[in-house]
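Student: One structure is given below, represented as structure tokens, and several questions about it will come after.
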Amino acid sequence: MESKRKPYQLVSREWKQTDTIIQLKNTQIGQGSVSVIAGPCAVENEDQIFTICEFLSKQGVKVVRGGAYKPRTSPYSFQGLKKDGLILLRQAADKYNLSVITEVMDTNLIDEVAQYADILQVGTRNMQNYQLLRGLSKINKPVMLKRGMSSTMEEWLLAAEYILSGGNDQVILCERGIRTFENATRNTLDLGIVPLLKSISHLPVIVDPSQATGHRDLVLPMSLASVMAGADGIMVEVHNHPEEALSDGAQSLYFDQFKTLAAKLKLASDVLGKPLDLENEKILF
Ligand code: PEP
Ligand code: MN
């Protein structure tokens with residue numbers, strides 16, 4: 001097959017053959033193991049985030065997620081605790097030796113978010129915010145770039161190219177579902193893109209089955225499918241009281257569901273011969 005010249009370069013395997021590994025203080029992402037990022041959709045209060053971080057650390061999770069600046073479809077919905085949320089998330093993560101990923105929505109807030117986060121998340125709604133991408137290309141912290149809900153793979157890789165070409169090569173791609181005619185699930189999880197991305201790009205690929213499905217009961221099967229499709233890991237929403245969550249409660253796992261997920265992920269990782277990056281697997285199995 002004749003190969004067409006690609007519009008992207010730095011993100012491609014032709015440019016760099018070896019997998020990009022994201023080094024965090026307590027773990028790595030993209031080095032051949034299965035990473036598990038977990039936490040609430042949003043940081044809501046001190047008790048909530050400390051309780052969740054304690055639970056996750058006991059499960060061996062290394063990276064906690066939690067939004068402080070939340071991109072909400074409605075301006076009347078909870079918008080996040082903003083800087084107070086960042087402070088709480090950092091305090092809870094430090095207490096339990098977790099790395100932190102949280103979203104940055106605004107170029108003016110890059111420095112503030114980078115002060116508290118170990119990985120900065122670009123949400124689906126900002127994937128083509130080129131000012132934001134340019135700003136993130138100048139920082140010395142990893143960026144997780146979520147796929148735009150209506151973006152093609154090429155547009156997504158070109159968005160990543162903005163970050164790399166500006167000087168930041170620590171980029172993680174996150175598939176979180178796309179808009180299709182189907183509305184039985186919140187989005188349509190495009191799992192076929194995972195092995196394709198892994199062959200085209202050297203960047204780590206994480207799947208977020210929570211935003212993709214919108215239903216907590218679908219998170220376990222789609223997490224397993226993501227790992228089997230070759231993802232470097234998953235990012236899932238977990239809450240101590242999902243029915244009271246201020247955002248995305250319906251797709252947030254109960255603690256018990258997370259424990260089951262961890263056990264099944266171990267089996268899936270074993271089939272693939274990959275280590276599962278949950279430190280406490282001995283306790284669970
Ligand atoms: C989230 O992770 O909570 C989130 C808002 O993600 P997305 O940008 O994929 O909708
Ligand atoms: Mn969410």
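The values are calculated or read from the model by the stated rules, or taken from the named source; none is laboratory data. Everything numeric here is computed off the predicted structure, so don't read it as measured data. Cβ placement follows ideal geometry from the backbone for every residue including glycine, while neighbour counts extend to all protein chains displayed. Remember, those area values only see protein heavy atoms, side chains included, never the ligands or the DNA or RNA. Shrake-Rupley method; radii C 1.70, N 1.55, O 1.52, S 1.80 Å.
Student: Scan the stretch 223-238 residue by residue and report those that are surrounded by 24 or more Cβ atoms within 10 Å (Cβ to Cβ), away from ligand 1 (no atom under 12 Å from the Cβ) and not aliphatic (A, V, I, L, M).
Tutor: Within the stretch 223-238, 223, 226, 232, 233 qualify.
Student: Being of a type in the set (D, E, K, R) and buried (at least 23 other Cβ atoms within 10 Å of the Cβ) is the filter here; which residues of the stretch 142-160 pass it? Before the answer, list the steps.
Tutor: Here is the first cut: in the stretch 142-160, the residues of a type in the set (D, E, K, R) are 146-147, 154-155.
Across the stretch 142-160, the qualifying residues are 146, 147.
Student: Related question: Starting from the stretch 254-265, keep only residues that are surrounded by 17 or more Cβ atoms within 10 Å (Cβ to Cβ), then list their pairs with residues that are of a type in the set (Ser, Thr, Tyr) and in a helix (DSSP H, G or I) whose Cβ atoms are within a distance under 7 Å, requiring at least 6 positions of separation or different chains.
Tutor: Going by the 7 Å Cβ cut-off, the qualifying pairs are 261/223; 265/223.
Student: With the requirement that a residue be basic (Lys, Arg) and buried (at least 17 other Cβ atoms within 10 Å of the Cβ), what does the stretch 162-207 give you? Reasoning before the result, please.
Tutor: Of all residues in the stretch 162-207, those basic (Lys, Arg) come to 176, 179, 186, 198.
Once the filter is applied, which keeps residues that are basic (Lys, Arg) and buried (at least 17 other Cβ atoms within 10 Å of the Cβ), the stretch 162-207 yields 176, 186, 198.
Student: Also, quick follow-up: Filtering the stretch 96-113 down to residues that are in a loop (DSSP other than H, G, I, E, B) and open to solvent by less than 40 Å² (accessible area, probe 1.4 Å), which residue is nearest to residue 29 (Cα to Cα)?
Tutor: Taking the candidates together, the pick is 98.
Student: If the requirement is being open to solvent by less than 30 Å² (accessible area, probe 1.4 Å), within 16 Å of ligand 1 (Cβ to nearest atom), modelled with pLDDT of 95 or more and not aromatic (Phe, Trp, Tyr), which of these qualifies: 22, 49? Show your work before the answer.
Tutor: On the way: 22 fails: within 16 Å of ligand 1 (Cβ to nearest atom).
Answer to the check: 49.
Student: Right, another one. Which residues, counting only those in the stretch 244-260, are under 19 Å from residue 70 (Cβ atoms) and of a type in the set (D, E, K, R)?
Tutor: 244, 248
Student: So is residue 200 more than 16 Å from ligand 2 (Cβ to nearest atom) and of a type in the set (Val, Ile, Thr) or not?
Tutor: Details: more than 16 Å from ligand 2 (Cβ to nearest atom): yes; of a type in the set (Val, Ile, Thr): yes.
Taking the combined requirement at face value, the residue satisfies it.
Student: So which helices (runs of 4 or more DSSP H) stay within the stretch 154-248 end to end and still have 3 or more residues that are β-branched (Val, Ile, Thr)?
Tutor: The qualifying helices (runs of 4 or more DSSP H) are 193-200.
Student: Checking residue 139 against (1) away from ligand 2 (no atom under 16 Å from the Cβ); (2) in a loop (DSSP other than H, G, I, E, B); (3) open to solvent by 40 Å² or more (accessible area, probe 1.4 Å): exactly one of these is not met. Which one?
Tutor: Every listed condition holds for residue 139 apart from (3).
Student: Then there is this: Against the definition (in contact with a strand residue (DSSP E or B) (Cβ under 7 Å, 6 or more places away or on another chain) and either free of Cβ contacts under 8 Å to residues at least 40 places away in the same chain or of a type outside the set (D, E, K, R) (or both)), how does residue 199 come out, yes or no? Spell out the reasoning first.
Tutor: Values: in contact with a strand residue (DSSP E or B) (Cβ under 7 Å, 6 or more places away or on another chain): no; either free of Cβ contacts under 8 Å to residues at least 40 places away in the same chain or of a type outside the set (D, E, K, R) (or both): yes.
Judged against the criteria, residue 199 is not a match.
Student: Something else now. With respect to the numbered conditions (1) modelled with pLDDT under 95; (2) within 20 Å of the chain's Cα centre (by Cα), which one is the sole condition not fulfilled by residue 6?
Tutor: (2)
Yes/no matrix, rows are residues, columns are (1) of a type outside the set (Gly, Ala, Ser); (2) more than 15 Å from ligand 1 (Cβ to nearest atom); (3) over 20 Å from residue 216 (Cβ atoms); (4) assigned to a strand (DSSP E or B):
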position: 38; (1), (2), (3), (4): no, no, no, yes
position: 57; (1), (2), (3), (4): no, yes, yes, no
position: 72; (1), (2), (3), (4): yes, no, no, no
position: 84; (1), (2), (3), (4): yes, yes, yes, no
position: 87; (1), (2), (3), (4): yes, yes, yes, no
position: 94; (1), (2), (3), (4): yes, yes, yes, no
position: 115; (1), (2), (3), (4): yes, yes, yes, no
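Student: Any residue at all in the stretch 232-241 that's polar (S, T, N, Q) and touching a helix residue (DSSP H, G or I) at 6+ places or on another chain (Cβ under 6 Å)?
Tutor: From the stretch 232-241, those polar (S, T, N, Q) are 240; that's our starting set.
This time we only want the ones that are touching a helix residue (DSSP H, G or I) at 6+ places or on another chain (Cβ under 6 Å), so: 240.
So far as the stretch 232-241 goes, yes, one or more of its residues are polar (S, T, N, Q) and touching a helix residue (DSSP H, G or I) at 6+ places or on another chain (Cβ under 6 Å).
Residue-by-condition table, conditions (1) hydroxyl-bearing (Ser, Thr, Tyr); (2) farther than 26 Å from residue 126 by Cα; (3) out of contact with any strand residue (DSSP E or B) (no Cβ under 6 Å at 6 or more places or on another chain):
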| residue | (1), (2), (3) |
| --- | --- |
| 169 | no, no, yes |
| 172 | no, no, no |
| 186 | no, no, yes |
| 192 | no, no, yes |
| 203 | no, no, no |
| 210 | yes, no, no |
| 219 | no, no, no |
| 235 | no, no, no |
| 250 | no, no, yes |
